Amino acid sequence: MTWSGHWHGYGPWTGSRDAYGQEALRRPGAERDSEQNRAFVASTLPPLMTGHWLLRRDQTSVARTWTRVVGAVTWLQSTYEANPPADRDDGGCAHISLKDKVVYAMDALPRGVDVCWMHYTKSQSLISFSVVCCLNRHHPGLPCPRPPA
């Protein structure tokens, strides 16, 4: 399956489990001019569906728009390294290795599969950051919010 496009990075969003659970702010409204849609577009909470990040034009930046997958994956990696996951109290691993995450992202993104990384940080906050394919396979009607320069 081939895909042709570019990628946008969103986040990182950091917050509590309770804030993340505010699903009404994580889903767009059915009508463009609805109160629900305005609240969704203004929210910084990660959307329930990664492709809906593309509706948040004001959160789409030129600096986090890539035409080469290596740039997108480098951003994911550096964001992860700046916000490492918490370890379990018993010393066990609560996450897969960064190397495995990078290998997966390098494989998935060129095939048009969005990548979202989320974990608890050492301070017990949730962090979520995503790279979204544009144009998006699951939301083909959504226009690109900020085409690459």
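Across the stretch 91-120, the qualifying residues are those that are part of a helix (DSSP H, G or I) and of a type in the set (D, E, K, R), and the one among them that is farthest from HIS139 (Cα to Cα) is LYS99.
The number of residues in the stretch 5-51 that are of a type in the set (D, E, K, R) and either open to solvent by less than 30 Å² (accessible area, probe 1.4 Å) or touching a residue at least 40 places away in the same chain (Cβ under 8 Å) (or both) comes to 2. Put simply, of MET106, MET118 the only residue that is among the hydrophobic types (A, V, I, L, M, F, W, C), surrounded by 14 or more Cβ atoms within 10 Å (Cβ to Cβ) and farther than 20 Å from TRP13 by Cα is MET106.
Residue count for the stretch 55-68 satisfying the condition of being out of contact with any strand residue (DSSP E or B) (no Cβ under 6 Å at 6 or more places or on another chain) and open to solvent by less than 30 Å² (accessible area, probe 1.4 Å): 1. You will find that of ASP18, ASP33, the residue that is acidic (Asp, Glu), part of a helix (DSSP H, G or I) and out of contact with any strand residue (DSSP E or B) (no Cβ under 9 Å at 6 or more places or on another chain) is ASP18 and no other. Being of a type in the set (A, V, I, L, M) and in a loop (DSSP other than H, G, I, E, B) is a property that LEU48 has. For the stretch 124-142, a tally of residues being touching a residue at least 12 places away in the same chain (Cβ under 8 Å) and part of a loop (DSSP other than H, G, I, E, B) returns 8. Screening LEU45, LEU109 for residues that are modelled with pLDDT of 95 or more, within 20 Å of SER125 (Cβ to Cβ), touching a Phe, Trp or Tyr at 6+ places or on another chain (Cβ under 8 Å) and of a type outside the set (Ser, Thr, Tyr) leaves exactly one candidate, LEU45. Return yes or no: is ARG88 of a type in the set (Lys, Arg), over 16 Å from SER4 (Cα atoms), assigned to a loop (DSSP other than H, G, I, E, B) and over 16 Å from the mean Cα position of the chain (by Cα)? Judged against the criteria, ARG88 is a match.
The values are calculated or read from the model by the stated rules, or taken from the named source; none is laboratory data. Just so it is clear, the model here is predicted, and its values are computed rather than measured. As a convention, Cβ positions derive from the backbone with ideal geometry for all residues, glycine included, and neighbour counts pool all protein chains shown. The area values use the complete protein model at the heavy-atom level, side chains included, leaving out ligands, DNA and RNA. Shrake-Rupley method; radii C 1.70, N 1.55, O 1.52, S 1.80 Å.
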